[in-house]
1. Looking at the structure I just gave you, is ASN640 over 17 Å from GLN562 (Cα atoms) and touching a strand residue (DSSP E or B) at 6+ places or on another chain (Cβ under 7 Å)?
2. List pairs: first in the range 549-567 and within 12 Å of ALA522 (Cβ to Cβ), second among the aromatic types (Phe, Trp, Tyr) and in a strand (DSSP E or B), Cβ under 8 Å, 6+ apart or cross-chain?
3. Could you tell me whether the range 35-50 includes any residue that is over 23 Å from LEU143 (Cα atoms), modelled with pLDDT of 50 or more, in contact with a Lys or Arg (Cβ under 8 Å, 6 or more places away or on another chain) and exposed (fewer than 13 other Cβ atoms within 10 Å of the Cβ)?
4. From the list ASN321, ASN375, ASN395, ASN351, which residue is crowded, with 18+ Cβ neighbours inside 10 Å and at pLDDT 95 or above?
5. Kindly check whether there is at least one residue in the range 654-674 that is under 24 Å from LEU729 (Cα atoms), at pLDDT below 95 and part of a helix (DSSP H, G or I).
6. Just give me the residues in the range 682-741 being over 21 Å from LEU808 (Cα atoms), hydroxyl-bearing (Ser, Thr, Tyr) and under 35 Å from the mean Cα position of the chain (by Cα), in sequence order.
7. Need pairs with beta-carbon distance below 9 Å; first residue without any contact (Cβ under 8 Å) to a residue 60 or more places away in the chain and within the range 863-875, second surrounded by fewer than 18 Cβ atoms within 10 Å (Cβ to Cβ) and of a type in the set (D, E, K, R); sequence gap 6+ or separate chains.
Amino acid sequence: MFESIFSFKLFLLLLLSGKSLYLQTVTLALSCVDNEREALLKFKRGLTDPGDLLSSWTGRDCCAWEGVRCSNRTGRILGLDLRNRNPSDPDLGFGGPSLGGEISPSLLELKDLRRLDLSMNDFSSTKIPNFLGSFQYMKYLNLSGASFAGNIPLNLGDLSRLRYLDLRNCFLQSDANDLFWLSGLPLLEYLDLGAVDLSKAASDWLQTINLLPSLRELHLSNCRLLKLPHSLPFINFTSISVLDLSNNGFNSSLPPWLFNLTNLVYLDLNSNSIMGGVLDMFSGLAFLQELDLSENSLIEGELPTSVGSLCNMNVLKLSVNNMEGEITDFLDGLSRCSNGSSIENLDLGLNQFSGSLPESIAHLSKLRYLQLPNNLFEGPIPESIGNMSALEEINFSGNKMNRIPTGFGQLSALTAAGLSYNVWEGVISEAHFANLSRLRDLDLYKDSPNISLAFNISPGWAPPFKLHLINIRSCNLGPNFPNWLKKQDELVTVVLNNAQISGEIPNWFLELNLQLDKFDVAYNQLSGSPPTSLVFTSSANVALSSNLYEGPLPLWSPNVTQVYLDNNRFSGPIPPDIGDKMPLLTDLDISQNSLTGRIPLSIGNLSTLTSLVISNNYLTGEIPGFWSNIPFLYEFVMSNNSLSGTIPSSIGSLNSLKFFVLSNNNLSGELPPSLMNCSIWSLDLGENRFSGKIPRWISEGMPNLLILRLRSNLFSGEIPPEICGLSELHILDLSHNDLRGPIPSCVGNLTGLKVELTDIDNQRYEGKLTVVAKGRQLQYQQTLYLVNSFDLSDNRLSGEIPSGLADLVKLGTLNLSMNGLVGEIPSSIGNLDVLETLDLSRNRLSGPIPPGMTSLTKLNHLDLSYNNLSGKIPTANQFQTFNDPSMYEGNSGLCGVPLTKLCPGDGAPSHPPDANSDENDGDNDEDRLDRLWLFLSTGLGFIIGFWGVCGTLIIKKSWRIAYYRFADRIIDKLIVFWSVNTRLRGGAEGG
């Protein structure tokens, strides 16, 4: 029996070995079909291959060539996988060595071709060939990122067996009038048309997709779709599990058909304008495992309070929307999931959620990533957060939260804590970090410079973590450099800004041998030697601003690119080799020190410099002419020094220059015409000795100019009308020069003074600017974009005030004083309803103060003195507060309050009126009315009484005789009464 079994096994072994040998023989015999090999060689000859990616395409066995896959049975080619594996841009796929050129029709010889992948190459000069629709067995076609020209060939719809089609980022520029060709692909399971412009197909795209019953993944990201159809007559593509419609322009609510896709596990609708709430939405998505609605505009949407459908969800992303309300009920609902919530990633950032975080958040026991930045959350972090043992990353930045609990220190899995931009207060102790053994990034950037959070950590405490990043600002870490950093030898980023640290940086920190990319200890009270021994990696940042460092200006290693040493006590010259020692500098700020000497020529070697700020020092000499070597300079500030000479013409080579500030020096000469080559936003040359005419090319050369400040120079001639072409200008200061002629009548064209800027415009402003407003010099920095000023004072301008000035409705300061302007104040000046400062003093203006000026309700500084104005001073609205006579003096024709000169018809006041009291004015008016009525009633009573009695006696004789007789009787009785009383008194005295 054993022998028979052994014989049977030997027989099977020989049989299998023979079959294997046969298959190998067949494979060798059918290794490559000759005509297909020749077809591939023709295809190769039509391609460009700078990276020699097809170097293996030699020899007779084409099945062994790179990217070629053949059938083991027939030897025919089944697939070409020529995807560029190492593109320089993984999304676009060009820039590195890649295939290009023409796709030869010789590929049609590959009759059995089922798979073609040319993705991430660069065919930018060719179109997708129409013959690709002729491969009847094609199942997989991937041309993504291949940068073809033209549009999608419609005959791709003939690939009736196609299951996978990826054309994402396939075209440099493309659009499609419709997607009806997709209806010929009934077996299609994967479709990606990302970045194909489908705006022309917006009306029927969904109906076409609905004809694909086998579709499982649909990616239409960034396709310019504007309409998300609300309804479908029937749902046919119910097999879909992944739906990506992100980065489109949907401006509608979520459609009901979405909730019938019962196999959906991934939904991405980010970066749209989806409207409405999400309460009803979640009730239909019990099947969902991942949901991404980031960057929508869900108007007045609130999170649902019934969230049983979310219990199985892993990822919930609702970031970048307009959602609001509290999230307490939502989190409470998640905490009541029967088997615990499965959610691992919760992202609600950049919305308007408010209220406090509830203690129930700790029931999300599987949560690993909690992102709540840039909302309106307030109150403390819940103490129960310490129970969330799986939590790896948190981001609470950009809220109004105020307390960090000690339970925070129990997050043993935490690696990154984003706590910046809140209103934290209280004390941080060792307990807050007790078990954070995995913590790598600590970000505690306070929202304001006011310090309300203090670290109270014993000097000998050893943290359980090894930080890579520490970013603490506006918290009290002092008075000494924090000793608990003593063992943090893995630090890469160190920011201890505005931390109330004084003294010197200790040697033990300098000896940690750190490789830093950023070291920021600005706004402290540090002194001693600057930490020049620190070692920096490439593109490093060093900030020692606003400390007490003194001595010569320090230098660091060549890897440093950004250096901020402003507002210290450094003295002596700028090191002459600064451009050689730190040749990669992009930003250098050494302002507000006591530096002397000249600007070193080696700065001309800083070819990557973008920002140079050396203002508020004692530098002398001329501005060097090396600027053609610094083509990327963006910000150039040299104000408040003692520089002399002219502006070198090489400044005109700075095509990137946006901020050019040379104010308060001894510079002279005319403005070089080469400046017109610079696209400057802010030009400040005030307080110098520049002369000549204001160039007419200024609007042509600097069309985007926002600020033009040439005050206190020697400019002469007329103001060129071309200045009205500066449509974005909103600060114009030409005061204290020798300008003559009229104010250009076209000033109403300065549209920058007609619009209100927003916080978004703030990015176009750098540095500080001094503006004369409200009767004094004010310095603006953070709010400079909100300042609108027009100042032509102290020149020799003549003519009338142009009526177009009244069109500049966002003007805040208007100063035309100390000129020779004539005529009347324009009656339309009342249109400047946000005007705060108006100074027209010391001109030759005549006529009355326009009544419309009383509508300037925001006016708080007014000066009309020393003109030829006449008439009565208005007393309504703001003019009731202008009780200083000096603002009207020098106008002999003016009268009324607050001047002592009365207007015709005004009575002398019994006491000086109080112009600040509305109640007083009302009382005075009532007294005048009472006196008037008293005089009228007295006179009227006298007339009536006199003529009512005397008139009647004169006219009627009988009444007159009766009256005389009555009077005689009364007189007789009085005589008798007097005589009797006299005798009685005499008898009494005698007795």
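The values are calculated or read from the model by the stated rules, or taken from the named source; none is laboratory data. All of these numbers come straight from a predicted model, not from anything done at the bench. Cβ sites come from the backbone with ideal geometry, for glycine too, and all protein chains shown count toward neighbours.
1. no
2. The qualifying pairs are TYR549/PHE570.
3. Checking the range 35-50: not a single residue is over 23 Å from LEU143 (Cα atoms), modelled with pLDDT of 50 or more, in contact with a Lys or Arg (Cβ under 8 Å, 6 or more places away or on another chain) and exposed (fewer than 13 other Cβ atoms within 10 Å of the Cβ).
4. Values: ASN321 fails: at pLDDT 95 or above; ASN375 fails: at pLDDT 95 or above; ASN351 fails: at pLDDT 95 or above.
Exactly one residue qualifies, and that residue is ASN395.
5. The answer is yes; a qualifying residue exists.
6. Within the range 682-741, SER712 is the sole residue that qualifies.
7. That search, which allows pairs on different chains as well, returns SER865/GLU889; TYR866/GLU889; ASN867/ARG844; ASN868/ARG844; LEU869/GLU824; LYS872/ASP906; THR875/ASP921.
Conditions (1) part of a loop (DSSP other than H, G, I, E, B); (2) assigned by TED's automatic domain parsing to the domain that holds SER817, marked per residue:
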| residue | (1), (2) |
| --- | --- |
| MET676 | no, no |
| GLU687 | yes, yes |
| SER691 | no, yes |
| PRO695 | yes, yes |
| SER699 | no, yes |
| ASN704 | yes, yes |
| LEU708 | no, yes |
| SER716 | no, yes |
| CYS724 | no, yes |
